[in-house]
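Participant: I'd like to ask you about the structure that follows.
The numbers here are math on the coordinates, done by the rules we state, and not lab data. Quantities reported herein were computed from a predicted structural model and do not represent experimental measurements. Every residue, glycine among them, receives a Cβ derived from its backbone with ideal geometry; neighbour counts consider all protein chains shown.
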Amino acid sequence: MAVAGINELAQYLTFTLGEEVFALGVSRVREVLDYVAVTKVPKSPDFMRGVINVRGSVVPVVDMRLKFGMSATERTVNTCIVLMEIDLDGEPTVIGALADSVQEVIDIESDQIEPPPKIGTRWRTDFIQGMGKRGDDFVILLDIDKIFTTDEMLLVAGTPAGQDGAGGGQAAPPA
């Protein structure tokens, strides 16, 4: 059973967080950087690790492991930052996401993608575009625009969110 909105062969960048393999559509990926030092931002949500300088631009870096309820990303030789473009209230915004490792770019046909499970996952499934089949294994295909609430992304982008800046209930409390 194919997933609505996915009608053809698509390319995905696969990366790992813990033991799980995730994928983003390559059209949303700007580049993959080796891990660099991240400058902390006071009073930001726990999942926001800080900012980095990318060719003169300030780019927020988020820890996807923390966002998904896992332990914080530990730096290893394979740790990297995936720069991706998300839609923030109609404006394209570049953010960096820490990944334990980046694997490869894969092609997945629409008939190899199942809808996200309704139960039995550790995460909300509204930001899972589908479950891609790769041999006997599954790859979790992310809808990157749905991972963060608008308020969270406004916090990450450095704009006050809502009345209290709490981040829509999904963000961890400020440090």
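Participant: Near Val77, within a Cβ-to-Cβ distance under 13 Å, what is the net charge of the other residues, with Lys and Arg +1 and Asp and Glu -1?
Facilitator: Values: positive: Arg75; negative: Asp34, Glu74, Asp100.
That sum, taken over residues with Cβ under 13 Å, equals -2.
Participant: Next up: List, in the order given, every pair from Lys43/Lys146; Lys43/Lys133; Lys67/Lys118 whose Cα-Cα distance in the structure shown is over 31 Å. Kindly include the intermediate steps, with their values, before the conclusion.
Facilitator: Working: Lys43/Lys146 23 Å; Lys43/Lys133 40 Å; Lys67/Lys118 20 Å.
From Lys43/Lys146; Lys43/Lys133; Lys67/Lys118, over 31 Å: Lys43/Lys133.
Participant: Here is a follow-up. Hey, what's the Cα Rg ratio for segment 10-153 versus the globular rule of thumb, 2.2 N^0.38 Å?
Facilitator: On the way: Rg = 14.8 Å, N = 144, 2.2 N^0.38 = 14.5 Å.
Taking N as the residue count of segment 10-153, the ratio is 1.02.
Participant: Please compute the modelled spin-label separation between Ser57 and Asp143, points set 7 Å along Cα→Cβ, answer in nm with one decimal.
Facilitator: Calculated label separation equals 2.5 nm.
Participant: Could you give the length gained on full extension between Asn78 and Ser101, defined as 0.36 nm per residue of separation minus the Cα-Cα distance, in nm?
Facilitator: Working: separation 23, 0.36 × 23 = 8.28 nm, distance 0.50 nm.
In short, 7.8 nm is gained.
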